[in-house]
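First, the structure itself, so that you have it in front of you.
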């Protein structure tokens, strides 16, 4: 029950406060990672592995300290709160939705830039809405469910390791000339840590919407995506909503042809972003109910 109460308290804090207004530890960690990259960068997997361990081990070990100490639960709440990003994700998505709703495509693209890494300058309304929905579905796992899963499994060290590895993957996990080798370890660790949470997220999306359609899309389309974890999550989420996402996208000036995920005649628009956020919240409610049931029977 203690674990359940920590999770609920962290979620309530996130809903109430959102991200810290001035300094977020993950932002500071990202700056530290950039500085370390300048010193340790090399076009090799070994260099990337050394950089990864140098950044992750100290913070993960520090997260062991509050265990068993007075006030340890407070520290756990704060760490989990800082790892969860439902409020921030919802705010960014809502800003894109609101701009699309008043046909301000330029503003919608600007706001989308805060959510995705692809080039947005040439996206039409459908492209903007689809990209925002993809971000909502994928980050539902990365910024919410994955963090909760690792906290349940391994406490504060688990959630710290997970969220910092996820941050390094977002910084280094690209298959371009600079990071193809250096970022390999960060990308593989993130894939490993997300393997189970991503599939639980996909199942949650299915249970929260069109169940059979979501499972069908997950089974047929999930493995087609270039990420072994984002594919099942987004395929199940799009299928659950009855929309189609994916397709061509431009990254760093290079057009990539991605498979289509989901099913249905509905094209992404401002309304589908709101539907994606509601699907996310229903999935989160399912997790809370399951965790409460588990805590209740565990005594």
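Of all residues in segment 168-183 being part of a helix (DSSP H, G or I) and buried (at least 20 other Cβ atoms within 10 Å of the Cβ), which is farthest from the chain's Cα centre (by Cα)?
182
Going by the conditions given, is residue 235 in contact with a strand residue (DSSP E or B) (Cβ under 8 Å, 6 or more places away or on another chain) and assigned to a helix (DSSP H, G or I)?
Numbers: in contact with a strand residue (DSSP E or B) (Cβ under 8 Å, 6 or more places away or on another chain): yes; assigned to a helix (DSSP H, G or I): yes.
It is true that residue 235 is in contact with a strand residue (DSSP E or B) (Cβ under 8 Å, 6 or more places away or on another chain) and assigned to a helix (DSSP H, G or I).
Within segment 88-97, is there a residue that is outside any helix (DSSP H, G or I), over 28 Å from residue 4 (Cβ atoms) and within 17 Å of the chain's Cα centre (by Cα)?
Within segment 88-97, not a single residue is outside any helix (DSSP H, G or I), over 28 Å from residue 4 (Cβ atoms) and within 17 Å of the chain's Cα centre (by Cα).
Just give me the residues in segment 26-71 being surrounded by fewer than 17 Cβ atoms within 10 Å (Cβ to Cβ) and outside any helix (DSSP H, G or I), in sequence order.
Of everything in segment 26-71, those that are surrounded by fewer than 17 Cβ atoms within 10 Å (Cβ to Cβ) and outside any helix (DSSP H, G or I) turn out to be 41, 42, 43, 44, 64, 65, 67, 68, 69, 70, 71.
Just the residues that are free of Cβ contacts under 8 Å to residues at least 40 places away in the same chain and buried (at least 18 other Cβ atoms within 10 Å of the Cβ), please, taken from segment 228-240.
Scanning segment 228-240 gives 231, 232, 235, 236, 239, 240.
So which pairs qualify, if the first residue must be in segment 63-76 and modelled with pLDDT of 90 or more, the second must be not in a helix (DSSP H, G or I), the Cβ gap must be under 7 Å, and the two must be at least 6 apart or on different chains?
From segment 63-76, the pairs are 75/66; 76/66.
Quick one: in segment 106-165, which of the residues that are assigned to a loop (DSSP other than H, G, I, E, B) and touching a strand residue (DSSP E or B) at 6+ places or on another chain (Cβ under 6 Å) is nearest to residue 55 (Cα to Cα)?
118
Given 261, 224, 284, 279, which one is within 21 Å of the chain's Cα centre (by Cα), surrounded by 18 or more Cβ atoms within 10 Å (Cβ to Cβ) and modelled with pLDDT under 95?
Numbers: 224 fails: surrounded by 18 or more Cβ atoms within 10 Å (Cβ to Cβ); 284 fails: modelled with pLDDT under 95; 279 fails: modelled with pLDDT under 95.
Going through 261, 224, 284, 279 in turn, just one is within 21 Å of the chain's Cα centre (by Cα), surrounded by 18 or more Cβ atoms within 10 Å (Cβ to Cβ) and modelled with pLDDT under 95: 261.
Contact list please: Cβ distance under 6 Å, first residue in segment 16-35 and on the phi < 0 side of the Ramachandran plot and free of Cβ contacts under 8 Å to residues at least 12 places away in the same chain, second residue surrounded by 12 or more Cβ atoms within 10 Å (Cβ to Cβ) and not in a helix (DSSP H, G or I), pairs at least six apart or on different chains.
none
Residues that are surrounded by 14 or more Cβ atoms within 10 Å (Cβ to Cβ) and within 30 Å of residue 125 (Cα to Cα): does segment 72-84 have at least one?
The answer is yes; a qualifying residue exists.
Within 18 Å of residue 148 (Cα to Cα) and surrounded by fewer than 16 Cβ atoms within 10 Å (Cβ to Cβ), is that true of residue 12?
So residue 12 passes the test.
Testing residue 248 on (1) part of a strand (DSSP E or B); (2) modelled with pLDDT of 95 or more, one condition comes back false. Which one is that?
Among (1) part of a strand (DSSP E or B); (2) modelled with pLDDT of 95 or more, residue 248 violates only (2).
What residue, of 216, 212, 199, 258, is free of Cβ contacts under 8 Å to residues at least 12 places away in the same chain and either more than 17 Å from residue 136 (Cβ to Cβ) or out of contact with any helix residue (DSSP H, G or I) (no Cβ under 8 Å at 6 or more places or on another chain) (or both)?
Selected residue: 212, the only one of 216, 212, 199, 258 that is free of Cβ contacts under 8 Å to residues at least 12 places away in the same chain and either more than 17 Å from residue 136 (Cβ to Cβ) or out of contact with any helix residue (DSSP H, G or I) (no Cβ under 8 Å at 6 or more places or on another chain) (or both).
Please enumerate the residues belonging to segment 149-175 that are closer than 28 Å to residue 289 by Cβ and without any contact (Cβ under 8 Å) to a residue 24 or more places away in the chain.
153, 154, 158
The values are calculated or read from the model by the stated rules, or taken from the named source; none is laboratory data. Nothing here was measured: the structure is a model prediction, and the numbers come from that model. No Cβ is skipped: glycine too gets one built from the backbone with ideal geometry, and neighbour counts run over all protein chains shown.
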